[in-house]
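Peer 1: Got a structure for you, questions after.
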């Protein structure tokens, strides 16, 4: 289906009212040779529709954890891919999937603990 740009702009204005920052992954190697991937260089800041998953069935379908992991939707996708990080408020999330549709792109997010 062809979604008009005006519809996408209006959708963005109404629903995409949260900001996330996009960070590339940074790899560091410890003294024992263990690689650690952490959020690195800031790539940009974007307005999105941010939602923590509250539906257990949907979380299970995506391999995510309810009330912890999240989904971000945007009418205008940005140059982010699996493995990159998004930060919302003080929490970093790793992008574990992307679902493009006609009207928006959804990014599936797994919350990153300090120990991840």
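Peer 1: Name every residue in segment 66-102 that is assigned to a strand (DSSP E or B), under 23 Å from residue 4 (Cα atoms) and without any contact (Cβ under 8 Å) to a residue 40 or more places away in the chain, in order of residue number.
Peer 2: To start, the set of residues in segment 66-102 that are assigned to a strand (DSSP E or B) comprises 70-74, 85-88, 91-100.
This time we only want the ones that are under 23 Å from residue 4 (Cα atoms), so: 72-74, 98-100.
Selection gives 98, 99, 100.
Peer 1: Then there is this: May I ask you to list the residues in segment 80-111 that are surrounded by 14 or more Cβ atoms within 10 Å (Cβ to Cβ) and closer than 19 Å to residue 10 by Cβ?
Peer 2: 104, 105, 106
Peer 1: Another question, then. Exactly one condition in (1) touching a residue at least 40 places away in the same chain (Cβ under 8 Å); (2) in a helix (DSSP H, G or I) is false for residue 14; which is it?
Peer 2: All conditions are met except number (1).
Peer 1: For residue 44, are the conditions met, namely being farther than 28 Å from residue 8 by Cα and either in contact (Cβ under 8 Å) with a residue 60 or more places away in the chain or over 10 Å from the mean Cα position of the chain (by Cα) (or both)?
Peer 2: Considered against the rule, which asks whether it is farther than 28 Å from residue 8 by Cα and either in contact (Cβ under 8 Å) with a residue 60 or more places away in the chain or over 10 Å from the mean Cα position of the chain (by Cα) (or both), residue 44 comes out as no.
Peer 1: Output the number of the condition that residue 34 fails; it satisfies all remaining conditions of (1) surrounded by 14 or more Cβ atoms within 10 Å (Cβ to Cβ); (2) under 22 Å from residue 113 (Cβ atoms).
Peer 2: For residue 34, the failing item is (1).
Peer 1: Give the residue, chosen from 77, 39, 25, 4, that is out of contact with any helix residue (DSSP H, G or I) (no Cβ under 6 Å at 6 or more places or on another chain), surrounded by 12 or more Cβ atoms within 10 Å (Cβ to Cβ) and under 20 Å from residue 102 (Cα atoms).
Peer 2: Matching residue, one of 77, 39, 25, 4: 77.
Laboratory data are not the source of any read-out in this text; all were calculated from the coordinates shown. In this text, all values refer to a predicted model and were calculated from it rather than measured experimentally. Reconstructed Cβ throughout: ideal geometry from the backbone, glycine too, with neighbour counts over all protein chains shown.
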